[in-house]
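Chemist: Have a look at this one before I ask anything.
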Amino acid sequence: MRNQEVAEVFKKVAALLEIKGENPYRVRAYQRAAQNLEALTRDVEELARRGQLTRIPGIGADLAGKIKEILETGTLSLYEELKREIPAELLKFLEIPGLGPKKAKLIYDALGIKTLEDLEKACLEHKIARLPGMGYKTEEKILKGLKLLREKIGRRPLGEVLPLAEELLDYLRKKAPVDRIAVAGSIRRRRETVKDIDILVTSRNPLRVMETFVAFGRVEEVLAHGETKTSVRISPGIQVDLRVVDPECWGAALAYFTGSKAHNIRIREMGVERGLKINEYGVFRGDRRIGGREEEEVFAAVGLPWIPPELREDRGEIEAALEGRLPDLVKYEDLHGDAHVHSKYSDGHSSLEEIAAFAESLGLSWVGICDHSQGLKVAGGVPVEALMEKKRAIEEFNRRSKGVKLIFGAEVDIRADGTLDYPDEVLAEIDLVIAAIHTGFQQPEEQLTARAVAALSHPLVHALAHPTGRLLGEREPYALDLTRVIEAAAGHGKALEINAFYNRLDLNDIHARQAREAGVKLLIGTDAHIADQMAQLALGVAVARRAWCEKEDVLNTLSYEEFLDWLKKVRGQF
């Protein structure tokens, strides 16, 4: 899918228009279109072929025409025209997370800074703080943004790259003479960000496989072309390495190229202790290969059961395997619901009926409709009167529905003083209350932590949404003492969310495991604002699996009736 490519052009157009001081509504139109394209799970090219681009929220006839132009030419004439009007150095500044177009232009015009290195130096020398409307906090944000930009280079969110890998696998299965095929590397381990795509295949005709591979429509550059290994760069700038391996060493190669490096080293060391050599070609005793056709043979050679790829980080999985206490990891098929979806009642773009229909296509039986609360006006926060209308609409839908059931919920803003955005008598009417911090990210750690703890201690709150507020490659987590937050959740019997939206994945795997070990239940929500974004639920499951979660650790595995019982039980304990 070229969704990300089109979205990137629209984001750059929005930034350039803002620098020029264009109408803010026009700027916002491009920003909104980019956001919806990024999170779209359908192929924008397919929608274009079918003449259905205007079905994408925020896409009218004009933007649909521009999408077609990008798909046909690889760029947009408006974008190229804007680039000619804006200095190239300024364009580079726009890539810095947290540095908006207006401030970037002010810095460029006032100080004549032309490189990222000079920008960093100017921050450290406090030259930026002396500019009008800036200050020391702006310098801190720029320095953090520069750090994020350096980390981001070459790495992308799993949710961006995984669909590309799956598209490529599907293409090779259909077009190339492959016998076995799998994605390896950090994608197979479901790390939250990945650098490239590693694919392994077995085939009786390797040359034909490689010819088919380089003919893939997304290939921008062939970096190396051989009979057993070929590397290409595909749009949007991601390297893909394809290896053809001998069927006799398939399992060994899959284990080796899946990693992680630390995990592989431990396995090799255990092999050496047994007089074995373990590498990508198999398990050897001397010069004789004694295993490696299947992954299970590699693990068995060192006295271990097969270890799920998500756990292979040398974080205790080998010790757990030796002691027979590997977790029975939660699976996507175990889930019954999505706990956090926005509808047209706030800033979502789908009706209750559309959300339920898509949930049913995913095999789900319930959805938490959690729109923003009244104070968050920028996100279409729902005033009390409209909230009660929503409640009646959900009740009416559930009376009619023989399949998916909807849960009357709200994503309630935690104010700066720790109070909630609806009064208690309103919160009591809401079946599922997930509290969230959306403002005041620059507050001190103590204040932010106190806000989260206060919400979790409120008797009418069930869970804390996207606890750290991070956006992968765009915004660092705000200052929060997560140990205290987890302790509060455990102490009050509340849940913490694994937000499955592709650029959040918040909690991350480390903190989700910490929560699990503290006895905290986890609640997976996609935070979908378009119904088909609910397909990202699988990314939340991946986080839960990396966090060693079993079925009973994740509330989404409860049936509709069981989940309602849990919601009532949380409030009944007070």
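Chemist: Here are Leu496, Leu480, Leu471: which of them is modelled with pLDDT of 95 or more, crowded, with 16+ Cβ neighbours inside 10 Å and aliphatic (A, V, I, L, M)?
Modeler: Numbers: Leu480 fails: modelled with pLDDT of 95 or more; Leu471 fails: modelled with pLDDT of 95 or more.
None of the others qualify; the one that does is Leu496.
Chemist: May I pose another question? Of the residues that make up region 399-407, is at least one in contact (Cβ under 8 Å) with a residue 40 or more places away in the chain and charged (D, E, K, R)? Before you say what the answer is, go through the steps one by one.
Modeler: Start the filter on region 399-407 by keeping residues that are in contact (Cβ under 8 Å) with a residue 40 or more places away in the chain, which leaves 401, 403-407.
Now narrow it down to the ones that are charged (D, E, K, R): 405.
The answer is yes, given that some residue of region 399-407 is in contact (Cβ under 8 Å) with a residue 40 or more places away in the chain and charged (D, E, K, R).
Chemist: Going by what's in this entry, would Ile107 be described as in contact with a helix residue (DSSP H, G or I) (Cβ under 8 Å, 6 or more places away or on another chain), surrounded by 17 or more Cβ atoms within 10 Å (Cβ to Cβ), β-branched (Val, Ile, Thr) and in a loop (DSSP other than H, G, I, E, B)? Show your work before the answer.
Modeler: Values: in contact with a helix residue (DSSP H, G or I) (Cβ under 8 Å, 6 or more places away or on another chain): yes; surrounded by 17 or more Cβ atoms within 10 Å (Cβ to Cβ): yes; β-branched (Val, Ile, Thr): yes; in a loop (DSSP other than H, G, I, E, B): no.
Spelling it out, it is not the case that Ile107 is in contact with a helix residue (DSSP H, G or I) (Cβ under 8 Å, 6 or more places away or on another chain), surrounded by 17 or more Cβ atoms within 10 Å (Cβ to Cβ), β-branched (Val, Ile, Thr) and in a loop (DSSP other than H, G, I, E, B).
Chemist: A follow-up question, please. Go through (1) over 27 Å from Pro97 (Cα atoms); (2) assigned to a strand (DSSP E or B); (3) among the aliphatic types (A, V, I, L, M) for Ala489 and report which single condition fails.
Modeler: (2)
Chemist: Does Ile530 satisfy being over 27 Å from Ala359 (Cβ atoms), of a type in the set (A, V, I, L, M, F, W, C) and in contact with a helix residue (DSSP H, G or I) (Cβ under 7 Å, 6 or more places away or on another chain)? Walk me through how you get there before you give the answer.
Modeler: Working: over 27 Å from Ala359 (Cβ atoms): no; of a type in the set (A, V, I, L, M, F, W, C): yes; in contact with a helix residue (DSSP H, G or I) (Cβ under 7 Å, 6 or more places away or on another chain): yes.
So Ile530 does not fit the description; no.
Chemist: Further, regarding this structure: Can Pro87 be described as loosely packed, with under 13 Cβ neighbours inside 10 Å and either within 19 Å of Lys102 (Cβ to Cβ) or touching a helix residue (DSSP H, G or I) at 6+ places or on another chain (Cβ under 6 Å) (or both)?
Modeler: No, not satisfied.
Chemist: Something else now. For Phe216, are the conditions met, namely being at pLDDT 95 or above, part of a loop (DSSP other than H, G, I, E, B), of a type in the set (A, V, I, L, M, F, W, C) and surrounded by fewer than 22 Cβ atoms within 10 Å (Cβ to Cβ)? Let's see the steps before the verdict.
Modeler: Values: at pLDDT 95 or above: yes; part of a loop (DSSP other than H, G, I, E, B): yes; of a type in the set (A, V, I, L, M, F, W, C): yes; surrounded by fewer than 22 Cβ atoms within 10 Å (Cβ to Cβ): yes.
In short, yes.
Chemist: Out of region 260-282, which residues are under 20 Å from Thr228 (Cα atoms) and either buried (at least 18 other Cβ atoms within 10 Å of the Cβ) or of a type in the set (D, E, K, R) (or both)?
Modeler: Of the residues in region 260-282, the ones under 20 Å from Thr228 (Cα atoms) are 279-282.
Glu280, Gly282, listed by residue number.
Chemist: Of all residues being touching a residue at least 40 places away in the same chain (Cβ under 8 Å) and on the phi > 0 side of the Ramachandran plot in region 469-517, which is farthest from the chain's Cα centre (by Cα)? Just the residue, please.
Modeler: Looking at residues that are touching a residue at least 40 places away in the same chain (Cβ under 8 Å) and on the phi > 0 side of the Ramachandran plot, I get Gly493.
Chemist: For region 279-313, which positions are touching a Pro at 6+ places or on another chain (Cβ under 9 Å) and part of a loop (DSSP other than H, G, I, E, B)?
Modeler: Once the filter is applied, which keeps residues that are touching a Pro at 6+ places or on another chain (Cβ under 9 Å) and part of a loop (DSSP other than H, G, I, E, B), region 279-313 yields Arg293, Pro308.
Chemist: Working only within region 314-342, note down all residues that are of a type in the set (Gly, Ala, Ser) and assigned to a loop (DSSP other than H, G, I, E, B). Full working, then the answer.
Modeler: Start the filter on region 314-342 by keeping residues that are of a type in the set (Gly, Ala, Ser), which leaves 316, 320-321, 324, 337, 339.
Result: Gly316, Gly324.
Chemist: Scanning region 527-574 for residues that are in a helix (DSSP H, G or I) and among the hydroxyl-bearing types (Ser, Thr, Tyr), which turns out surrounded by the fewest Cβ atoms within 10 Å (Cβ to Cβ)?
Modeler: Step one: list which residues in region 527-574 are in a helix (DSSP H, G or I), which gives 531-546, 551-553, 555-557, 560-572.
Going one step further and asking which of them are among the hydroxyl-bearing types (Ser, Thr, Tyr), we end up with 557, 560.
Numbers: Thr557: 21, Tyr560: 18.
Among those that are in a helix (DSSP H, G or I) and among the hydroxyl-bearing types (Ser, Thr, Tyr), it is Tyr560.
Chemist: Could you please let me know if Val283 is of a type in the set (A, V, I, L, M) and in the same structural domain as Val209 (by TED's automatic domain parsing)? Spell out how you get there, then give the answer.
Modeler: Working: of a type in the set (A, V, I, L, M): yes; in the same structural domain as Val209 (by TED's automatic domain parsing): no.
Considered against the rule, which asks whether it is of a type in the set (A, V, I, L, M) and in the same structural domain as Val209 (by TED's automatic domain parsing), Val283 comes out as no.
Chemist: Pull up region 378-388, narrow it to residues that are more than 19 Å from Phe501 (Cβ to Cβ) and free of Cβ contacts under 8 Å to residues at least 24 places away in the same chain, then point me to the one that is surrounded by the most Cβ atoms within 10 Å (Cβ to Cβ).
Modeler: Once the filter is applied, the top-ranked residue is Pro383.
Chemist: In addition: Out of the helices (runs of 4 or more DSSP H) lying entirely within region 1-92, which hold 3 or more residues that are without any contact (Cβ under 8 Å) to a residue 60 or more places away in the chain and among the charged types (D, E, K, R)?
Modeler: On the way: elements: 3-19, 24-38, 44-49, 61-73, 77-85.
By residue number, 24-38, 44-49, 61-73, 77-85.
Chemist: Separate question: Residues being closer than 13 Å to Val183 by Cβ and at pLDDT below 95: count how many of those fall in region 235-263.
Modeler: The total comes to 2.
Chemist: Separate question: Just one of (1) at pLDDT 95 or above; (2) within 23 Å of Ser346 (Cα to Cα); (3) of a type outside the set (A, V, I, L, M) trips up Gly375, so point out which.
Modeler: (1)
Chemist: Of the residues that make up region 363-381, is at least one more than 18 Å from His529 (Cβ to Cβ), out of contact with any Gly (no Cβ under 8 Å at 6 or more places or on another chain) and assigned by TED's automatic domain parsing to the domain that holds Thr439?
Modeler: yes
Chemist: Take Leu496 and tell me if it is farther than 23 Å from Ala416 by Cα, in contact with a strand residue (DSSP E or B) (Cβ under 9 Å, 6 or more places away or on another chain) and either assigned to a strand (DSSP E or B) or assigned by TED's automatic domain parsing to the domain that holds Leu352 (or both). Full working, then the answer.
Modeler: Working: farther than 23 Å from Ala416 by Cα: no; in contact with a strand residue (DSSP E or B) (Cβ under 9 Å, 6 or more places away or on another chain): yes; either assigned to a strand (DSSP E or B) or assigned by TED's automatic domain parsing to the domain that holds Leu352 (or both): yes.
For Leu496, the condition - farther than 23 Å from Ala416 by Cα, in contact with a strand residue (DSSP E or B) (Cβ under 9 Å, 6 or more places away or on another chain) and either assigned to a strand (DSSP E or B) or assigned by TED's automatic domain parsing to the domain that holds Leu352 (or both) - is not met.
Chemist: Does region 356-377 contain any residue that is in a loop (DSSP other than H, G, I, E, B), buried (at least 24 other Cβ atoms within 10 Å of the Cβ) and touching a residue at least 12 places away in the same chain (Cβ under 8 Å)? Quick ask: steps written out before the conclusion?
Modeler: Taking region 356-377 and keeping what is in a loop (DSSP other than H, G, I, E, B), we get 362-365, 374-376.
If we keep only those that are buried (at least 24 other Cβ atoms within 10 Å of the Cβ) as well, we get none.
Checking region 356-377: not a single residue is in a loop (DSSP other than H, G, I, E, B), buried (at least 24 other Cβ atoms within 10 Å of the Cβ) and touching a residue at least 12 places away in the same chain (Cβ under 8 Å).
Chemist: Can you say whether Leu53 is within 28 Å of the chain's Cα centre (by Cα) and either modelled with pLDDT of 90 or more or surrounded by fewer than 14 Cβ atoms within 10 Å (Cβ to Cβ) (or both), as far as the supplied structure shows?
Modeler: Numbers: within 28 Å of the chain's Cα centre (by Cα): yes; either modelled with pLDDT of 90 or more or surrounded by fewer than 14 Cβ atoms within 10 Å (Cβ to Cβ) (or both): yes.
Yes: the conditions hold for Leu53.
The values are calculated or read from the model by the stated rules, or taken from the named source; none is laboratory data. Note that this is a predicted model, so its numbers are computed, not measured. Backbone-built Cβ (ideal geometry, glycine too); neighbour counts: all protein chains shown.
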